[in-house]
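Quick notes on the structure that follows.
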Amino acid sequence: MHAVEIKPNIYWVGAIDWTVRDFHGYITPNGTSYNNYLIMDEQITLVDAVKKDLSRTCLDRISSVVDPSKIKNIVVNHIEMDHGAVDKIMAVAPNASLFMTKLAKYGLDRHFDTSKWDINIVKSGDELSIGKKTLLFLETPMLHWPDSMVTYVKEDKLLISQDAFGQHYASSARFDDQVPIEELEDAVTDYYANILMPFGKLIKSKLAEIEKLGLEIDMIAPDHGVIWRRDPSKVLRMYNDMASSKAECSAVIIYDTMWKSTQLMTRPLMEGLLAEGVPTKVIKLRNTPMSVAIKEFWKSRGMLVGTPTLNNLMFPSVAEFLTHLRGLRPTNRIACAFGSYGWGGGAVREAYGELNKMKLETYEPGIAVKYRPDHEDMKKIHEFGKQFGRRLKEYHKKF
Ligand code: FEO
């Protein structure tokens, strides 16, 4: 195991998780990495930790640079357990001092016996001189946990950004200029949509705060994925755009089906949207990981939700999707609902109930067909697709 020097005397000592496909329910088709960084200075400092079951890898990488027992400081930017090998590091460097936010200490105390650990609380603006280098801490509450902060190495213009600007992307490459940019953009969007979507306003204000502080950033090193060295401003711009609810003038049809009636409806809907010049994707929920459906929702300005009626309610996979989406507090999107029923109906109404709880712009009353769409129904559905496409294009002009 070797460490990768990312700046003079600063090393990546993380672990690559090639096999993880389910990250607390979030599907990670590209695996991930758990990054942490070793700063060699008068006080040897480790920023963040890897997942506990990969701690051996991390310690081996540290050992390729220095005896891990010589670590003097450990910075804990965030206390989610995918960075939870803190106790493993403390086991080899028991006299190390830890630096974290007040809320991170609370989390740490709940996970470990910290009674013998030297824990130091830091807040925004606090600095730690470790020799030739100076660490500046900046709290980033709810980005994405209440305890979160980032660490800026002033002399190196290096932002160690914790989960922010990261990607679930396993690769032998360590830097953005070593991987296809389209893959990276997709991974950033996926991460943002599934984890950071609720925090757009906070992200905007935190980005503005960083700008106001005048921090020069020529490298961003997140806790997952590759490090931004070619053009760190690219990911800053992407975050600013996403936090401003930038979306494509396109639509996504997200549906499920029992006996293929709702599925049949997706075809004239898509044709109607295309007739209006609105690019459209179609996603069947039971065939698609939830996180992919969320990402596709986020990329498009408009969504059409399709659901059969089951016992007067939505089909369970559609209800699950909308509940999950509501938790992500989406904004600045327009949505409508469609579906089929056998005798009582109710699913389309229920879907609108969920969409309205999210305070999305809705196009109502949607469209529902009994049993199976016939030729006349198909024409009406096509027209509905066109009408929604026109409404979507008008709505998109607001942004
Ligand atoms: Fe990568 Fe929020 O932990």
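The values are calculated or read from the model by the stated rules, or taken from the named source; none is laboratory data. All values derive from a computational prediction rather than experimental measurement. Glycine also receives a Cβ, built like all others from the backbone with ideal geometry; neighbour counts cover every protein chain displayed.
From the list HIS78, HIS2, pick out the single residue that is part of a loop (DSSP other than H, G, I, E, B), under 24 Å from the mean Cα position of the chain (by Cα) and not charged (D, E, K, R).
Numbers: HIS2 fails: under 24 Å from the mean Cα position of the chain (by Cα).
Answer to the check: HIS78.
When VAL235, VAL348 are checked against the criterion of being at pLDDT 95 or above and assigned by TED's automatic domain parsing to the domain that holds LYS204, VAL235 stands alone in meeting it. Residue count for segment 150-173, restricted to those that are within 12 Å of the ligand (Cβ to nearest atom), of a type in the set (A, V, I, L, M, F, W, C) and either closer than 19 Å to THR45 by Cβ or surrounded by fewer than 21 Cβ atoms within 10 Å (Cβ to Cβ) (or both): 0. For segment 256-277, indicate whether the set of residues that are modelled with pLDDT under 95, surrounded by 15 or more Cβ atoms within 10 Å (Cβ to Cβ) and not charged (D, E, K, R) is non-empty. No, there is no match, as no residue in segment 256-277 is modelled with pLDDT under 95, surrounded by 15 or more Cβ atoms within 10 Å (Cβ to Cβ) and not charged (D, E, K, R).
Residue by residue, here is whether (1) of a type in the set (A, V, I, L, M); (2) in contact with a Cys (Cβ under 9 Å, 6 or more places away or on another chain); (3) over 21 Å from VAL20 (Cβ atoms) holds:
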site	(1), (2), (3)
LEU108	yes, no, yes
LYS116	no, no, yes
GLU127	no, no, yes
LYS132	no, no, yes
GLY166	no, no, no
VAL188	yes, no, no
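Quick one: would you say LEU103 is surrounded by 15 or more Cβ atoms within 10 Å (Cβ to Cβ), of a type in the set (A, V, I, L, M), in contact with a strand residue (DSSP E or B) (Cβ under 8 Å, 6 or more places away or on another chain) and touching a residue at least 24 places away in the same chain (Cβ under 8 Å)? Spell out the reasoning first.
Details: surrounded by 15 or more Cβ atoms within 10 Å (Cβ to Cβ): yes; of a type in the set (A, V, I, L, M): yes; in contact with a strand residue (DSSP E or B) (Cβ under 8 Å, 6 or more places away or on another chain): no; touching a residue at least 24 places away in the same chain (Cβ under 8 Å): yes.
Answer is no for this residue.
Scanning segment 81-94 for residues being crowded, with 16+ Cβ neighbours inside 10 Å and either in a helix (DSSP H, G or I) or not assigned by TED's automatic domain parsing to the domain that holds SER55 (or both) gives a total of 8. Here GLN43 fulfils each of the conditions (1) outside any loop (DSSP other than H, G, I, E, B); (2) touching a strand residue (DSSP E or B) at 6+ places or on another chain (Cβ under 7 Å); (3) surrounded by fewer than 24 Cβ atoms within 10 Å (Cβ to Cβ) apart from (1).
Counted as qualifying within segment 126-244 are the strands (runs of 3 or more DSSP E) with 2 or more residues that are touching a residue at least 40 places away in the same chain (Cβ under 8 Å), namely 134-139, 149-153, 158-162, 219-222.
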